[in-house]
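The values are calculated or read from the model by the stated rules, or taken from the named source; none is laboratory data. Since this is a predicted model, take the numbers as computed values, not measurements. Neighbour counts are summed over all protein chains in view; Cβ atoms, including those assigned to glycine, are modelled from backbone coordinates with ideal geometry.
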Amino acid sequence: MKKSRKEIIGNGIETIKDFDNSFTSKNYRGSVTFKTYPTNDQRKTLEDSCPTKALFPIKENASMGLDNGKCIMCGYCNEVASEIIEIHSKPAIPTRNRNQLIDYSSPQIFSTEKPYEQIGNELKEKIQKMFGRSLAIRQVDAGSCNGCEIEIAALNNPIYDIERFGIHFVASPRHADVLLVTGPASRNMEVALLRTYEATPDPKIVIAVGACACSGGIFGDTYATTGGIDKIVPVDVYIPGCPPRPQVLLQGLLLAVNRMKKVE
Ligand code: SF4
Ligand code: SF4
C-alpha cells in the first residue's frame, strides 16, 4: 500500500527541505527567544546556564543580550527558565555583520520563510547574471566537529541537489569563488586557513558556517582555538546555528552573492 508523505516522515526527523510546522519535529531547536524581560535573579541564572556565554546581562538597562553567533542550541536556558526563554523551531538568519547576530530584546527569526527552491532559483539567476557561469565553493574544515559538514554535504544529496542552481564544490581553493569555513579555527588550522584564503583568487567571499566559525562556539577562545575564523581571515557572511540547516546555508550563499560585484 502506498504511504502518504506524512506517514513516511511521521517521526519528523527525516530530511525535509523547508520549514513547515506539520513536518518539522516539535523538538527541533532553531533559535532562542525571550518571552519577557528577566528579573535580576533570572538574569544571573540564565547567564550561568549558558555554556558559551551567548546570554549576557546588559548593565545599562537591566536587560539581557543574546548572541546568536555563540548559541549552540543546547536548550539549557529553556530548562532553567522556561517562563523567560522559548526555543523556536525556526532558525536565526545569516548576517553580513557579526554584530547583527546579537539581539537585545528578541532574536531574529527566519521570518521570510522563503522556500528552498525559491532561494535556489534566485541564486541561480544571480550567478548567471554576475558570472555567466557557475559559482565554485571550497569548503574548509578549520577544526569542526563535523556536524556542520553533514549539513553542507546534504546540499549535494538528491533532496537539496545544489548543483542544479549552478553551485559546485571544488577540490582546490584556486578554483573557488567562495570559501565556506567551519570550525572555531583551531590553532593547528590557523596557517592552513590563511594559506587557503591567500590561494583563492580575488574577488572572493568568505562565509563563516556555524557557531564555531562565527565565535568559537562550544570550543570558545582557548589555548587550542582562536575563537572564530574572523580572527584569521576577513569574513563576509556569518551563518549562525549548530549546525545550520541546508536552507539557511543557501540563504547565507544568497547573501554572499548579493555582496559580490559583477565579474567583467
Ligand atoms: S540554547 Fe543557546 S542561549 Fe540557551 S543556554 Fe544553550 S547556548 Fe546558551
Ligand atoms: S557549529 Fe556546532 S555542528 Fe558546527 S562544528 Fe561547531 S559544534 Fe559542530
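Results, tabulated for the structure shown:
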item	result
Of residues in the stretch 44-83 being under 14 Å from L101 (Cβ atoms), buried (at least 16 other Cβ atoms within 10 Å of the Cβ) and of a type outside the set (A, V, I, L, M, F, W, C), the one nearest to ligand 1 (Cβ to nearest atom)	T52
Number of positions in the stretch 179-201 that are more than 21 Å from P246 (Cβ to Cβ) and within 8 Å of ligand 2 (Cβ to nearest atom)	1
Cβ-Cβ under 8 Å pairs, at least 6 apart or on other chains, the stretch 68-95 side under 15 Å from R245 (Cα atoms), far side among the polar types (S, T, N, Q) and within 13 Å of ligand 2 (Cβ to nearest atom)	G69/S215; C71/T52; I72/T52; A92/N68
Meets criteria (surrounded by 14 or more Cβ atoms within 10 Å (Cβ to Cβ), at pLDDT below 95 and of a type in the set (S, T, N, Q)) for Q108	yes
Members of the stretch 141-178 found to be among the small types (G, A, S) and touching a Ser or Thr at 6+ places or on another chain (Cβ under 6 Å), listed by number	G143, S144, G166, A176
Sole exception among (1) closer than 30 Å to T33 by Cα; (2) crowded, with 18+ Cβ neighbours inside 10 Å; (3) touching a Gly at 6+ places or on another chain (Cβ under 9 Å) for L135, by number	(1)
Test: residue in the stretch 202-222 that is in contact with an Asp or Glu (Cβ under 6 Å, 6 or more places away or on another chain), outside any helix (DSSP H, G or I) and more than 12 Å from ligand 2 (Cβ to nearest atom)	yes
Flag if P234 is surrounded by fewer than 24 Cβ atoms within 10 Å (Cβ to Cβ) and in a loop (DSSP other than H, G, I, E, B)	yes
Matching option when the condition is within 16 Å of ligand 1 (Cβ to nearest atom), assigned by TED's automatic domain parsing to the domain that holds R133 and of a type in the set (G, A, S), among A213, A185	A213
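Yes/no matrix, rows are residues, columns are (1) over 27 Å from V206 (Cα atoms); (2) modelled with pLDDT under 90:
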| position | (1), (2) |
| --- | --- |
| K6 | yes, yes |
| I9 | yes, yes |
| I13 | yes, yes |
| N21 | yes, yes |
| K26 | yes, yes |
| K35 | yes, yes |
| E47 | yes, no |
| N78 | yes, no |
| N97 | no, no |
